[in-house]
Amino acid sequence: MRRSLRILHLYPELMNLYGDRGNVLALRARCRWHGIDPRVETASLGARIDYGAYDVIVIGGGQDREQRLVSRDLAGDRGHALAAAVEDGVCLLAVCGAYQLLGKYYVTAGGETFPGVGVFDLVTEGGDGRLVGHIAVAAEGGTLAGFENHGGRTTLGPVARPLGKVLWGYGNNGRDGTEGAFYRNAFGTYLHGPLLPGNPWFADRLIALALERRYGEAELEVLDDQMDLMAHREVIRQSRLDARRGSVRQPGKETGASPR
Amino acid sequence: MSKLLIKLCRALGYAGSNLPGRVALFLYPRILARLSGQCRSGAVLVTGTNGKTTTALMLTGILNRAGLTVVHNRSGANLISGITATYLQACDWRGRMKAAIGVAEVDEASVARVVREMPVRAIVVTNFFRDQLDRFGELDHTVTLVGRGLELLGDKAWALLNADDPLVAGLAGARRGPITFYGVEADADPGEHHPAREIRYCSRCELPFRYLAVTYGHLGHYRCPGCGDGRPVPDIAVTGIWQGGAGAGSLLAVRTGRGPVELAVPLPGMYNVYNALAAVACSDALDLPWQAVEEGLAAFTASFGRMERLAVDGREVLLILVKNPAGFNEVIRILLRDGDCADVLIAINNKYADGTDVSWLWDVDFERLVAGARLDRVTVAGTRAEAMAVRLKYAGLDRGVTMCSDLGDALRVALQGPGPGGRLYVLPTYTAMLGLRDAIRRLGYARRYWEA
Ligand SMILES: [Zn+2]
């Protein structure tokens, strides 16, 4: 029997700040390479969604403006349904702005409060300056490498478990050395953009978790990821260099030429 | 003004384009105001995400045709220090300016400061795209910075605003003085919606705009589904476009306050239609003769790496700068229109001037390039060559991709692809382009195509 997985890309046009769609492209391609039939659907504001019918749900990042809309959309029944799907074991990947909205609340630097869904026991507050740079994280099962760019500082509550420990970079708040959070099969992280193509082992982990839930078994072949691993190692190397330079960036400050 | 200071800065000029400006501003903070204030026709600024360099260069060409001597920061040094350095280079040893007018492309974050220093007669705002979020922060912030510059602008100065970009058109609210909107009425590829197109909102209702037509990225004919507010009717508009391929340009029909005109733009692509239109709108505001506009545009030659044609080793090399998704997607459209692009070199650096975050490559529609073009040989290079190779792999191209970390090696390898007389497309980020030009020079092929 040919296995298939239903992938839901939530708020694709609103929450795609910087290449976040790469995660969906990676899931789709890797499913195919694994011989799994990926069925990708999209849904946005006001949609009536049976979240539990999906195997993997992906949400990317957005600016305050988009987060405000999504926070409103997820308030009430829709947010409860999403949280229930997570309880039911649906795989969820929430990046940056979406990660913040899956916590309890996010207070922007401007003082506005966006209520969250509360899947993760964490809160986020806007801080002074943005945490920007390459980041490497020691997570359970492997190293995650990517790029972070966020003004919000996230603090984990007593129940929350971090996705990993920051090796180089800022992570949740630049202070406690944690990055991201996970609960059941839901993962939240500040590693924006192409997290999954940049970390093929983690993409396969999500696919395996989804297969396990749907089919009760999760056998995956090993793919040729040589090129991907070279790219992965380069990001780790650059995160080490960024950490050495290490400074919180003030946006819009004159610091160099910008030939465009 | 100290003659010594000018001499000192001239001497420093060899060290780079920003340093003398920085030193001069430190020793004499009013130096830019003093120098630019001498130009009898004042100064024109060009800002926005994409198209600054090309628009400013087109304007300079038109102004030259109109008989004006122009001081222009053509090196792309677009911070206040770079602009100061440009004026320092242009004045004589006593600090006297010969030029009649200044044309400055200005970094979005520097606009307000430059407006305070310079006698600005007109400011062109091209567009706002997500670009280098690692450096600028969120896009709304960049727009606010430019808006602050417009508020400071004198009542008699013109603002030339792109009607087709909601964020640019929205700046009109910050203006008391005269405004000209420019826009495109003819859509070359009507209604095309790219999956990663940026979304724009009505500032009053917070609702996403609906588009009746899309010209390029999020530019087009938009309207708010709530209050009905939308694109302002442009005062100057392109009403017809006939586009050629990558080697050719476009012919434009333009509606102006002085009647309809036809203009030839020797550069391909929708974004160059906008660049030319912005330059035309600004020329109109400056009351330049149409003959100068026509001739200036027609004689335009590509700036540094923006669609530049070079003869290298008996091959034609088309050098096209790529720097953000909107621009790269437009380049892909040009390649597809060319039909048989077989040999491509993509060089992705992530140094500071390129933007250190290459996540944006995932917003570029490489799927469309791989599906629509004949790609026999693709070479990837630069500090993030591997990331580019991975992006192509996920777009469906995993064979026939050669990776070279060194730009010179990459160029040599890629040049083997097209036979003699063939064409190689080279798509580099900014610092990769500088490196490739160096490599081309070292190989002894620095001549421009038409000089070969
Ligand atoms: Zn409205």
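Values as computed for the structure displayed
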| quantity | calculated |
| --- | --- |
| Scan of region B:134-179 for residues that are β-branched (Val, Ile, Thr), under 23 Å from B:Arg223 (Cβ atoms) and within 14 Å of chain A (Cβ to nearest Cβ), ordered by number | B:Val143 |
| Elements of type strands (runs of 3 or more DSSP E) in region A:155-209, at least 1 residues being touching a Cys at 6+ places or on another chain (Cβ under 7 Å) and of a type outside the set (A, V, I, L, M) | none |
| Residue in region B:156-177 that is among the aromatic types (Phe, Trp, Tyr), in contact with a strand residue (DSSP E or B) (Cβ under 9 Å, 6 or more places away or on another chain) and under 30 Å from A:Leu17 (Cα atoms) present | no |
| Pairs where the first residue, in region B:328-344, is over 11 Å from B:Gly269 (Cβ atoms) and the second is of a type in the set (Asp, Glu), C-beta under 8 Å, 6+ apart | B:Ala342/B:Asp376; B:Asp343/B:Asp376 |
| Subset of region B:203-216 that is over 22 Å from A:Leu69 (Cβ atoms) and surrounded by 15 or more Cβ atoms within 10 Å (Cβ to Cβ) - its residue that is nearest to the ligand (Cβ to nearest atom) | B:Ala213 |
| Sole exception among (1) modelled with pLDDT of 90 or more; (2) β-branched (Val, Ile, Thr); (3) within 16 Å of the ligand (Cβ to nearest atom) for B:Thr144, by number | (3) |
| Scope region B:16-49; condition more than 14 Å from chain A (Cβ to nearest Cβ), more than 20 Å from B:Asp92 (Cβ to Cβ) and surrounded by fewer than 24 Cβ atoms within 10 Å (Cβ to Cβ); matching residues | B:Pro29 |
| Residue check, B:Val370 β-branched (Val, Ile, Thr), surrounded by fewer than 19 Cβ atoms within 10 Å (Cβ to Cβ) and part of a helix (DSSP H, G or I) | yes |
| Of all residues making up region B:217-260, the number that are more than 14 Å from chain A (Cβ to nearest Cβ) and either more than 16 Å from the ligand (Cβ to nearest atom) or under 30 Å from B:Val317 (Cβ atoms) (or both) | 30 |
| Any hit, region B:359-370, residues being modelled with pLDDT under 90 and within 14 Å of chain A (Cβ to nearest Cβ) | no |
| Filter result for B:Gly417 (assigned to a loop (DSSP other than H, G, I, E, B), assigned by TED's automatic domain parsing to the domain that holds B:Leu321, among the small types (Gly, Ala, Ser) and in contact (Cβ under 8 Å) with a residue 12 or more places away in the chain) | yes |
| Only one of A:Thr124, A:Thr143 that is away from chain B (no Cβ under 14 Å), assigned to a strand (DSSP E or B) and surrounded by 21 or more Cβ atoms within 10 Å (Cβ to Cβ) | A:Thr124 |
| Single condition B:Thr402 does not satisfy, out of (1) part of a strand (DSSP E or B); (2) more than 26 Å from the chain's Cα centre (by Cα); (3) crowded, with 23+ Cβ neighbours inside 10 Å | (3) |
| B:Leu152, sole failed condition from (1) within 16 Å of the ligand (Cβ to nearest atom); (2) at pLDDT 90 or above | (1) |
| Test: residue in region A:192-200 that is over 30 Å from A:Gln226 (Cβ atoms) and either surrounded by fewer than 24 Cβ atoms within 10 Å (Cβ to Cβ) or among the hydrophobic types (A, V, I, L, M, F, W, C) (or both) | no |
| Residue that is surrounded by the most Cβ atoms within 10 Å (Cβ to Cβ) [pool: residues in region A:1-52 that are away from chain B (no Cβ under 13 Å) and among the β-branched types (Val, Ile, Thr)] | A:Ile7 |
| Answer from A:Val159, A:Val107, A:Val166, A:Val137 - the residue that is at pLDDT below 95, in contact with an Asp or Glu (Cβ under 8 Å, 6 or more places away or on another chain) and away from every other protein chain (no Cβ under 14 Å) | A:Val159 |
| Out of A:Tyr106, A:Tyr99, sole residue that is without any contact (Cβ under 8 Å) to a residue 60 or more places away in the chain and not in a loop (DSSP other than H, G, I, E, B) | A:Tyr106 |
| From B:Leu35, B:Leu59, B:Leu68, B:Leu63, residue being aliphatic (A, V, I, L, M), in a loop (DSSP other than H, G, I, E, B) and at pLDDT 90 or above | B:Leu68 |
| Pairs, first at positive phi in region A:112-129, second at pLDDT below 95, C-beta under 6 Å, six or more apart | A:Gly129/A:Val248; A:Gly129/A:Gln250 |
| Any pair with Cβ under 9 angstrom, 6 or more apart, that starts in region B:209-225 at a residue that is more than 16 Å from B:Arg130 (Cβ to Cβ) and ends at one that is within 16 Å of the ligand (Cβ to nearest atom) and β-branched (Val, Ile, Thr) | B:Phe209/B:Ile199 |
| Check on B:Ala112, within 11 Å of chain A (Cβ to nearest Cβ), more than 30 Å from A:Asp242 (Cα to Cα) and at pLDDT 90 or above | yes |
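The values are calculated or read from the model by the stated rules, or taken from the named source; none is laboratory data. Everything numeric in this text was worked out from a predicted model, so none of it was measured. Using ideal geometry, Cβ is built from the backbone for each residue, glycine included, and neighbour counts are taken over all protein chains shown.
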